[in-house]
Structures are given as C-alpha cells and as structure tokens.
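Asker: I'd like to ask some things about the structure below.
Just so it is clear, none of the values below were taken in a lab; they were calculated from the coordinates. Since we're looking at a predicted model, the values are computed, not measured. So basically every Cβ, Gly included, is an ideal-geometry build from the backbone, and we count neighbours across all protein chains shown.
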Amino acid sequence: MVSAIKAFLKLESAGGILLIFAAFLAVALANSPLSAYYDLLLDTPVELRIGALQIAKPLLLWVNDGLMAMFFFVVGLELKREMLEGELASVRAIALPAFAALGGMLVPALIYVLFNGHDPVVLEGWAIPTATDIAFALAVLTLLGNRVPVALKTFLVSLAIFDDVGAIIIIAIFYTSNISALSLIIGAVCIAALTLLNRMNVYRLMPYLLVGLVMWVAVLKSGVHATLAGVLLAMFIPLARDPESGRSPLKAMEHDLRGIVAFAILPIFAFSNSGLNVSAMGMDEILHPVTIGIALGLFLGKQLGVFSFAWLAVKTGLAKLPESVNWTQIYGVSLLCGIGFTMSLFIGSLAFENTGGNRMFDERLGIIVASTLSALCGYFWLKHALRKET
C-alpha cells in the first residue's frame, strides 16, 4: 500500500486526479443528506486577532484568500524562473504560447459578453471563461503517455503560464473594491523592504517570508485581492545560488511547495468551491445566459481563440511551430484549454460573491459542464491524433 501511494504521488497526473476526486466529492456531499454539514463547514467563522488587527472570515474565504495566495506564489516562482532561464527566456520561444493565450482570453470573453452584455450585474463574470486549469489539463495530457511530444507539453505549460499572468492582471484591475490608501502604503513599504533584501543579496528565505506575510495582510485589507501578494513576493525570491549552500532559494522553494499545492491546496479549493446542488435544477438554470455564456466561452471560445491566434502568429511569421508538433496536435491542446475549473471557479467567486446564490450556481454549472466536455473531447482527439502520428 505504501509503495502504491508513493508511485501515485510521483505521477504528473496525480494532482489533477485528486482535483477531480475533490470536485466530485463536493458535488456528492452537496446533493446528499450531508449537504447542510457541508455548507456549515464552509460557513464556519474563523477569526485571527492581534491587538487591534482583526481578520474575521468564513472558512471558505480563508481558503480563497489565504491558500490561493500560496498557489499564486508558486505560479509567480515558476513564472520568474521560466522568464530568466527557462522556456520564456527567448522572445522567439514565447511568441507562440503568448499569442495563443491572448486569443484564449479574448474570444471566450467576447462570447460571454455576447450573451450577458445586456445585464451589468452578470456582466461582472466576463473573465470567468478566460482561465485555463493547468493542473487539470496537464493531467489529461499525461494520461496519453509518452506518445505526447515534449514540445507539445511545453506549449501547454507555457500557454498556461501566460494565461495565469492574464488572470493576475484581470484580478488586479477589475476585481478590487473599497481601496484603503493606508493599507496600500504599507504594502508599498513591504515591496521596498523586499527590494532592499534582494539588492543586499540576502539568500535566507525567512526575512522574505516575514515581509511577505505583512504584505499579504496589507493587501487583504487594502481592497486589492490578497492573492496578488503571493505573486509580488515571488518576484523577489532570489534565483541565483546561495554561495554558502549552493542552492537556489527560488528553485528550492518551488520544489518544496509544488507538492503541497498539487496535493493539498488545489484539492481543498476544488472541494470548497465545487459543491453544486442540482436537486432543484431546472431549465431556467441550464439555459440561463450566465451558464450558456460560460459554457460556450470555455468549450468553444477557448479552442477557437487558442488555435486561431496560434495559426495567425505562425502564418504572419511572428512565431514558429515546433518541429515535432503539428496543427492537429495544437488543436487538441486548444480543446484542453477549455478546462477552466480551478481558476474559473476562483474568478467566479470574485465576480459573484455579492450577487446572491443563483449566479454562483449558474457559474459553477457552466464551468463544470464545459470543463468536462473539454477534457473528454481533448483526450479523445489527441489520442486519435497521436495514434495516427505513431
């Protein structure tokens, strides 16, 4: 049993499998006699107080504001490493996934606006179908085995990084409220302190993490979403090797946190945000413009946007298609990009947290339906394409 568990945890797809399991468990609980206890758990008040400083939130928001800040911290670490010495270090190399990610954000947003532009309240959810869940998508790709070209996997990962950057920018600009000038000033002081640590070539992680914690609280209180503090902190973690230990602080932290994010944080988030009670679901919910806009935006908009923008970039000479990859395979990856799940649920919670339960239900229904269709279609398309190529 221990050997089997260790083997499972080594699988690249293991995180995605746990993500799927957590989501199905949440749906099962939400539609069972235990649904009241599921809701009670998420609504449990959790309060932290130090003198006059108080943070009081239900458990659900601690997950969305706290644990997801750690997720975005790991995303920031990966982004910095890739930009300095990885796949994103070359302008020529980043052109194809960058243009594909841009199309994968624009077209889904336009489809959502087409169905919901008449209502300013539900229009807040325009960014929900713009996101891609890299853990889920990569899990599906990994299920196809070693027939998948390395360049195709690299394309998907690079595209997802740009997709995450787009999500970060969208959250920072469009999903902020009640801005506190004092909290922003404290956050700016924290950034200055992190810059000083970086310039002084401090390689110990503890000073960065302590300043980062203060910055997270300041950003949380400022009205800007707290997850952005994770990205900002990651940008200051040194990539260069420590002269004493010979280790890169950034790479060491990314390695240590990757498993925690994949096997704990993302499954907990999925469990907390996927509980969809379908017992009273009717045609009004299924055919609601929010549901249709999100479902079509993810399933159709993502594949059309990613594939068409990638094709245009190559045909205009702005990018180059990798030698071991063909357009049939690129289209299969475009289908997988319609798996919005974690990031779409997260943006949806920001967009509709103050508009009532109905919109949250419609949003989750559209995300789950589109993500499931995208996963199935992407898997079988790539399975056929890779078998034919072999």
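Asker: Expected output is a single nm value to one decimal: the length gained when fully extending between ASN326 and VAL278, i.e. 0.36 nm times separation in residues minus the C-alpha distance. What is it? Intermediate results must be reported in sequence, preceding the final value.
Answerer: Details: separation 48, 0.36 × 48 = 17.28 nm, distance 4.07 nm.
The span from ASN326 to VAL278 would gain 13.2 nm if fully extended.
Asker: May I ask for the longest run of the chain untouched by GluC sites (Glu not before Pro) that are loop-located per DSSP and have at most 13 neighbouring C-beta atoms (other than their own) within 10 Å? All intermediate terms of the calculation are to be shown ahead of the outcome.
Answerer: Values: sites that count: GLU244, GLU323.
Counting at most 13 other Cβ atoms within 10 Å as exposed, the longest clean stretch of the chain is 1-243.
Asker: Taking only Cα atoms and a 10 Å spring cutoff, compute GNM fluctuations for the chain and point out the largest among MET215, MET235, MET83.
Answerer: Looking only at MET215, MET235, MET83, the biggest GNM fluctuation is shown by MET83.
Asker: Using the Cα centre of the chain as the reference point, and only Cβ charges (+1 on K/R, -1 on D/E), how large is the resulting charge dipole? Debye, rounded to the nearest 20.
Answerer: Working: 24 positive and 25 negative charges, 217 e Å.
For this selection, approximately 1040 debye.
Asker: Further question on the same structure: Can you pull the one-decimal nm distance between simple spin-label points at ARG49 and LEU34, each 7 Å off the Cα toward Cβ?
Answerer: 3.3 nm
Asker: What FRET efficiency comes out for the pair LYS383/MET235, r = Cβ-Cβ distance, R0 = 41 Å, nearest 0.05? Display every interim value, and only then the final one.
Answerer: Details: r = 39 Å, r/R0 = 0.95.
Taking R0 as 41 Å, the efficiency between LYS383 and MET235 is 0.60.
Asker: Now for a different question. Could you check which residue among ASN277, ASN326, ASN146 shows the biggest mean-square fluctuation in a GNM of the chain with a 10 Å Cα cutoff?
Answerer: Highest fluctuation of the listed residues: ASN146.
Asker: If each residue's Cβ is checked for other Cβ atoms within 10 Å, how do THR328, THR132 rank with the fewest at the top?
Answerer: Working: THR328 14, THR132 33.
Listed from fewest to most nearby Cβ atoms, that is THR328, THR132.
Asker: Still on this structure, I have one more. Who wins for biggest fluctuation among SER180, SER272, SER374 in a Gaussian network model of the chain, springs between alpha carbons below 10 Å?
Answerer: Ranking SER180, SER272, SER374 by mean-square fluctuation puts SER180 first.
Asker: What spacing in nm lies between the two simple spin-label points modelled at THR195 and LEU106, each 7 Å away from Cα in the Cβ direction?
Answerer: Roughly 3.3 nm, to one decimal.
Asker: Using the C-alpha atoms of the chain, what convex hull volume per residue, in cubic angstrom, is computed?
Answerer: Details: hull volume 65.4 nm³, N = 390.
Roughly 168 Å³ of hull volume per residue.
Asker: Sticking with this one: In the stretch 243-328, which trypsin sites (Lys or Arg not before Pro) fall in coil by DSSP and have 16 or fewer other Cβ atoms within 10 Å? Intermediate results must be reported in sequence, preceding the final value.
Answerer: Values: sites: ARG247, LYS251, ARG258, LYS302, LYS315, LYS320; in loops: ARG247, LYS320.
The qualifying sites are ARG247, LYS320.
Asker: Give the separation of the Cα centroids, the stretch 297-371 to the stretch 15-40, in Å.
Answerer: Distance between centres, Cα-based: 24 Å.
Asker: What is the distance, in nm, between label points placed 7 Å from the Cα along the Cα-to-Cβ direction at VAL91 and at LEU41?
Answerer: 5.1 nm
Asker: Please work out the FRET efficiency for the pair ASP256 and ASP119, using the Cβ-Cβ distance as r and a Förster radius of 41 Å; give the result to the nearest 0.05. Write out the running numbers ahead of the final one.
Answerer: Values: r = 45 Å, r/R0 = 1.10.
It comes to 0.35.
Asker: Take the alpha carbon atoms of the stretch 250-272, find their center, do the same for the stretch 123-173, and report the distance between the two centers in whole angstrom.
Answerer: Taking the Cα centre of the stretch 123-173 as reference, the centre of the stretch 250-272 is 16 Å away.
Asker: Could you give me the percent of Cα pairs per 10 Å distance bin for the stretch 144-205, shortest bin first, beginning at zero and ending with the bin that holds the maximum distance?
Answerer: With 10 Å bins starting at 0, P(r) equals 16, 22, 29, 21, 10, 1.
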